[in-house]
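Note sheet for the following structure.
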Amino acid sequence: MNIILLGPPGAGKGTQARMLVDERDMVQLSTGDMLREAKDSGTEMGKIVADVMARGALVTDEIVIGLIREKLETVKASGFIFDGFPRTLAQADALGELLEAEGQTLDAVIEMRVDDAALVARIVARSTCGSCGEVYNDTTRPIPADGKCANCGGTEFKRRADDNEESLRTRLMEYYKQTSPLIGYYYAKEMLSRVDGLAEIEAVQSEIREVLDA
């Protein structure tokens with residue numbers, strides 16, 4: 001089973017993806033993670049990525065599709081979770097063509113819907129474990145009193161420099177500009193489902209389970 005998680009920055013896509021990885025033996029394909037991994041891999045595709053990044057140039061859609069193709073052909077899993085890709089209609093078309101060429105299908109597209117004001121309030125209060133990336137929130141899920149990450153025991157926590165209201169609203173606007181057409185695209189293909197991205201983590205996961213099990 002292959003799925004796409006759509007949602008603005010901070011909607012919880014990464015958290016939900018990690019839960020699906022643990023529960024369903026799926027593999028999360030995050031564009032940023034794939035690029036960082038490829039840059040240090042020494043493969044032919046990795047050398048291309050390293051050169052592009054060293055020059056400060058933009059990574060093309062063709063490169064990202066090439067990285068995804070490598071994963072589809074070499075990684076054994078019960079399915080893939082596309083997190084942060086596609087972002088545009090051209091990327092959506094390219095991903096569909098790649099999956100067809102690899103004899104695979106896209107089974108579900110899940111939009112994690114949010115209220116912008118509530119999302120901004122949540123993200124401004126967010127911090128993450130420096131070791132494993134576990135997410136905490138000053139209000140809804142504070143760092144444990146002993147100062148240790150509940151997931152890995154790490155003791156270093158950090159906040160993103162751009163997790164402030166001005167930057168978040170700029171990122172949200174860019175997301176909606178790029179991604180709104182995707183919502184209509186997958187709705188027209190009768191593949192789009194929606195969940196409440198601001199619900200409690202387990203409640204969101206339950207909604208996603210219902211979509212996938214259906």
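Any read-out appearing in this document is the output of simple, stated calculations on the displayed coordinates, not a laboratory observation. Predicted, not measured: the structure shown is a model, and the values here were computed from it. Backbone-built Cβ (ideal geometry, glycine too); neighbour counts: all protein chains shown.
Sequence-ordered 3J(HN,Hα) estimates for the stretch 29-45 from the Karplus curve with 6.51, -1.76 and 1.60 and θ = phi - 60° stand at 10, 9, 3, x, 4, 5, 5, 5, 5, 5, 4, 9, 7, x, 6, 4, 5 Hz, glycine and proline given as x.
Sorting the segments 136-148, 5-17 by their residues' average number of neighbouring beta-carbon atoms within 10 angstrom, most packed first, yields 5-17, 136-148.
Value of Rg to Rh for the stretch 41-168, rounded to two decimals, is 1.04; Kirkwood radius and Rg both from alpha-carbon coordinates.
Taken as Cα centroids, the stretch 172-210 and the stretch 87-160 sit 13 Å apart, rounded to the nearest whole angstrom. Amide H to amide H, with H built 1.01 Å from N, Glu102 comes under 5 Å of no residue 5 or more places away or on another chain. In this structure, Ala203 and Glu37 have a Cβ-Cβ separation that, at R0 = 30 Å, corresponds to a calculated FRET efficiency of about 0.40. Other residues lying with their Cβ under 15 Å from the Cβ of Gln104 contribute a combined charge of -3, Lys and Arg counting +1, Asp and Glu -1. Its Cα centre serving as origin, the stretch 18-169 has a Cβ charge dipole (Lys and Arg +1, Asp and Glu -1) of approximately 520 debye. Over all other residues within a Cβ to Cβ distance under 14 Å of Gly46, the charged ones net out to -1, with Lys and Arg as +1 and Asp and Glu as -1.
For the stretch 101-117, 3J(HN,Hα) computed residue by residue from phi via the Karplus equation (6.51, -1.76, 1.60; θ = phi - 60°) reads 5, 8, x, 10, 10, 9, 9, 7, 10, 10, 8, 8, 7, 9, 8, 4, 5 Hz, glycine and proline entered as x. Kirkwood's formula applied to the C-alpha pairs of the chain gives a hydrodynamic radius of 18.4 angstrom. For Glu23 and Arg55, the difference between the fully extended length at 0.36 nm per residue and the C-alpha to C-alpha distance is 7.6 nm. Annotation: aspartates and glutamates with alpha-carbon distance below 13 angstrom to Lys47 (same-chain offsets under eight excluded): Glu37.
Using the Cβ of Arg113 as centre and a radius below 13 Å, the other residues enclosed give a net charge of -3, where K and R count +1 and D and E count -1. As a size descriptor, the averaged projected area of the C-alpha convex hull of the stretch 134-195 was calculated at 6.5 nm². With helices as the sole contributors, the chain gives -15500 deg cm²/dmol at 222 nm; each DSSP H run of n ≥ 4 counts as -39500 (n - 2.57), and the sum is divided by every residue. Per residue, the average separation of C-alpha pairs within less than 8 Å and at least 6 apart gives the chain a relative contact order of 27 percent. Taking all Cα pairs closer than 8 Å and separated by 6 or more residues, the relative contact order of the stretch 68-193 comes to 28 percent. When only alpha carbons of the stretch 78-130 are considered, Rg and Dmax amount to 15.8, 43 Å.
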